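The block underneath contains the structure these notes are about, expressed in structure tokens.
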Amino acid sequence: MNRLTTAKLTLAALLLGAAGTAFAGGQQYEPMSASARAWLSKSLADVAVTQVSVLQAPEARAWLGEMSTRLAKRIPDAEERLEFLQTLYYEATRAGLDPELMLGLIQVESAFKKYAVSPVGARGYTQVMPFWIKVIGTPDHNLFQLRTNLRYGALILRHYIDIEKGDLFRALGRYNGSLGRAEYPTLVVNAWQKNWRYTPPTKTAGL
């Protein structure tokens, strides 16, 4: 990738962040092995996020506080924002993903609009295509429900990362239905790095 192309992609990401618009695409249906389908289906099993101990850890509470401040302009209601962040933190870490990466993905996919629908029918914060319900879910799954949407999105991205053997660039391309093109992965990574990267406070020696 030459410098001019990189500069254009970086500018596009900055403009997207300033405008608050979304760059939603849509996952493409691909046949998968029975074992992969079984793992994804099993992983959708429900857990009450507010009751899990991981959210009570000091580092999680510090993360929630910082991200709540950063997200306030996008989700003004404090209670709604906290529920969103608690759910996202749990679902991302449960899937082995960086929660901050998921925030970057959601910024680009839906601009944090819960009821966003793309031109091809992708739904919710993480813009999940409805075919996934038939492939790994059950008919009662509602892709506009917070926990359902974030769980699907996290598991789908995890699935694509596994398919691509850890190659995030290609996994993000699959997620957006734009495999092999640089624009979408670059937008997500730039949103992640610019707006959501978080370094935990350093503990004071002796404390």
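Just checking, how many residues over the range 149-196 are closer than 20 Å to S110 by Cβ, of a type in the set (K, R) and outside any helix (DSSP H, G or I)?
1
So in the range 98-121, with the set limited to residues that are among the aliphatic types (A, V, I, L, M) and within 9 Å of the chain's Cα centre (by Cα), which one is surrounded by the fewest Cβ atoms within 10 Å (Cβ to Cβ)?
As a first pass, look at the range 98-121 and keep what is among the aliphatic types (A, V, I, L, M): 101-103, 105-106, 108, 111, 116-117, 120.
With within 9 Å of the chain's Cα centre (by Cα) added as a condition, the list becomes 101-103, 105-106.
Values: L101: 21, M102: 25, L103: 27, L105: 28, I106: 27.
Looking at the filtered set, the residue picked out is L101.
With respect to G177, determine if the residue is among the small types (G, A, S) and free of Cβ contacts under 8 Å to residues at least 40 places away in the same chain. Step through it out loud before you land on a result.
Working: among the small types (G, A, S): yes; free of Cβ contacts under 8 Å to residues at least 40 places away in the same chain: no.
In short, no.
Tell me the residue from L101, L71, L88 that is closer than 23 Å to A182 by Cα and either modelled with pLDDT of 95 or more or of a type in the set (S, T, Y) (or both), please. Can you show your working first?
Working: L71 fails: closer than 23 Å to A182 by Cα; L88 fails: closer than 23 Å to A182 by Cα.
Criteria check complete, one pass: L101.
The values are calculated or read from the model by the stated rules, or taken from the named source; none is laboratory data. Note that this is a predicted model, so its numbers are computed, not measured. Neighbour counts run over all protein chains shown; Cβ positions are idealised from the backbone, glycine included.
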